[in-house]
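The values are calculated or read from the model by the stated rules, or taken from the named source; none is laboratory data. Because the structure is predicted, anything quoted here is derived from the model rather than measured. Using ideal geometry, Cβ is built from the backbone for each residue, glycine included, and neighbour counts are taken over all protein chains shown. Protein only, heavy atoms only, side chains kept; ligands, DNA and RNA dropped before computing areas. Shrake-Rupley method; radii C 1.70, N 1.55, O 1.52, S 1.80 Å.
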Amino acid sequence: MDWTVLTAIISVTAAISGIVLGWVGKTKAYKAEVVQEATADASLHTDVSYIKTGILDIRVDLRDLGRRMDDFSERLTRVEESAKQAHKRIDEMKE
């Protein structure tokens with residue numbers, strides 16, 4: 001065999017193996033990128049769900065606080081009326 005033929009065969013083999021290895025590397029990188037994006041999307045979905053749950057909890061607490069404020073408002077009105085009547089009685093006692 002001639003050295004030029006042997007050199008040509010080695011060159012073609014090296015070129016083909018370079019193409020195959022490049023393709024395999026690109027495929028692995030693509031798969032890793034898909035996995036990374038899927039992980040990021042799942043994390044984002046989890047975070048959004050957590051925020052949604054937190055907002056719902058805040059709404060429930062806000063409704064409860066509104067009810068309590070209404071109750072306190074009623075009680076304050078009653079106390080003011082009672083104090084007003086007590087002042088009237090005290091004024092009558094002084095006279």
### Query
Restricting attention to the stretch 1-18, does a residue exist that is more than 30 Å from the chain's Cα centre (by Cα), assigned to a helix (DSSP H, G or I), surrounded by fewer than 10 Cβ atoms within 10 Å (Cβ to Cβ) and not aliphatic (A, V, I, L, M)?
yes
### Message
Take the conditions open to solvent by 100 Å² or more (accessible area, probe 1.4 Å), of a type in the set (A, V, I, L, M, F, W, C) and within 32 Å of the chain's Cα centre (by Cα) and apply them to L62. Does it pass?
### Response
yes
